[in-house]
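To keep things clear, I will list the structure first and then write my remarks on it.
The values are calculated or read from the model by the stated rules, or taken from the named source; none is laboratory data. Being a predicted model, the structure only gives us computed values, none of them experimental. Virtual Cβ from ideal backbone geometry, glycine too; neighbours counted across all protein chains shown.
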Amino acid sequence: MPDDTPCGTQAGRDDRPDEARRARLSRIFDEDAELYDGARPGYPAELYDDLAGLAGVRGGSRVLEVGCGTGQATVPLARRGCRITAVEAGPHMAAVARRNLAGATGVEVVTARFESWPLPPEPFDAVVSATAFHWIDPAVRVAKAADALRPGGALAVVRTQHVGGGTEEFFAEVQRCYERFDPDTTPGLRPPAAAGVDGSDHAREVARSGRFGPTVFRRHERDLTYTTSRYLDLLRTYSGHRALPEAARNGLLACIGALIDGTYGGRVTKRYLIELGVSYRR
């Protein structure tokens, strides 16, 4: 299950939606799994090096992946020789993941909500969730991850956020489109500076469970450049955009496309912050 953003923030990570909104938006991704698979970026190689070095996720590791989406992280982990059980709530997303993992040995994709999925008797070496953990019920996610792990096993949570950088003028100007078509947009909103983003909320949640030691973080920034059509496809995969009424969504996307084509030569660059938090089960 993928990560997402409220419509007007452009942020790339939902700013902790309330529970009713979280449950509603988490189901939207499955509407167009093929578009999601083609438009959403994967993760840099450095992240998998960190998973190996910091979380012990390497060839032969028994990994439970929570919210695999269409397999953006699952495929690289399978190529590194991990034995993976990937749990995905969306049936269409899970079907695309199975297709993308065809031929991979030691990998199973299970269509189920993690909250209600019965854990197997054999514990895992690591629980990995790549930009999906915040969609899981907070009353369940950390405790159930601990239950799934062997003593000393790692909970590895990847979070992605749009931060300042890239084509910064565009992300300032485009707010006018959001303010026009999305009534919930905060006026003047801007992507935060990467230095101002930290994982303290996740670290506190894990610490409150009493099941894990301190959380250790690794962070990577990267710029991705999109053509107009590719950027609009990306936005069509965000739950906040998909949840807009059709007329508002179409107007918003047309406004954004016209801005990119008319002012920015048909391409813009978005800066992502990829944050990995690793906690070991006591």
Arg222 basic (Lys, Arg), more than 19 Å from Ala146 (Cβ to Cβ), touching a residue at least 12 places away in the same chain (Cβ under 8 Å) and outside any strand (DSSP E or B): no
Any residue in the stretch 94-121 that is outside any strand (DSSP E or B) sitting within a Cβ distance under 6 Å of a residue that is polar (S, T, N, Q) and surrounded by fewer than 19 Cβ atoms within 10 Å (Cβ to Cβ)? List the pairs, counting only those 6 or more apart or interchain. Ala94/Thr111
Any chance Ala86 is of a type outside the set (S, T, N, Q), at pLDDT 95 or above, touching a Cys at 6+ places or on another chain (Cβ under 6 Å) and outside any helix (DSSP H, G or I): yes
Do you know which of the residues in the stretch 89-146 that are charged (D, E, K, R) and closer than 22 Å to Asp201 by Cβ is farthest from the chain's Cα centre (by Cα)? Lys144
Would you confirm, using the coordinates I've provided, whether Leu276 is on the phi < 0 side of the Ramachandran plot, under 19 Å from the mean Cα position of the chain (by Cα) and in a helix (DSSP H, G or I)? no
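Could you check, for the stretch 170-178, whether at least one of its residues is within 26 Å of Trp117 (Cβ to Cβ) and surrounded by 16 or more Cβ atoms within 10 Å (Cβ to Cβ)? Reasoning before the result, please.
Of the residues in the stretch 170-178, the ones within 26 Å of Trp117 (Cβ to Cβ) are none.
There is no residue in the stretch 170-178 that is within 26 Å of Trp117 (Cβ to Cβ) and surrounded by 16 or more Cβ atoms within 10 Å (Cβ to Cβ).
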Cβ-Cβ below 7 Å, separation at least six or inter-chain, first residue in the stretch 236-260 and in a helix (DSSP H, G or I), second of a type in the set (S, T, N, Q) and surrounded by 16 or more Cβ atoms within 10 Å (Cβ to Cβ): which pairs? Gly240/Thr5; Gly257/Thr228; Ile260/Thr228
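Take the stretch 193-207 and flag every residue that is free of Cβ contacts under 8 Å to residues at least 40 places away in the same chain, of a type outside the set (Asp, Glu) and either assigned to a loop (DSSP other than H, G, I, E, B) or loosely packed, with under 14 Cβ neighbours inside 10 Å (or both).
Ala193, Ala195, Gly196, Ser200, Arg204
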Give me the residue from the stretch 249-271 that is basic (Lys, Arg) and crowded, with 17+ Cβ neighbours inside 10 Å and, out of that set, farthest from Arg190 (Cα to Cα). Arg249
Would you confirm whether any residue within the stretch 243-259 is at pLDDT below 95 and either among the acidic types (Asp, Glu) or within 24 Å of Pro138 (Cα to Cα) (or both)? yes
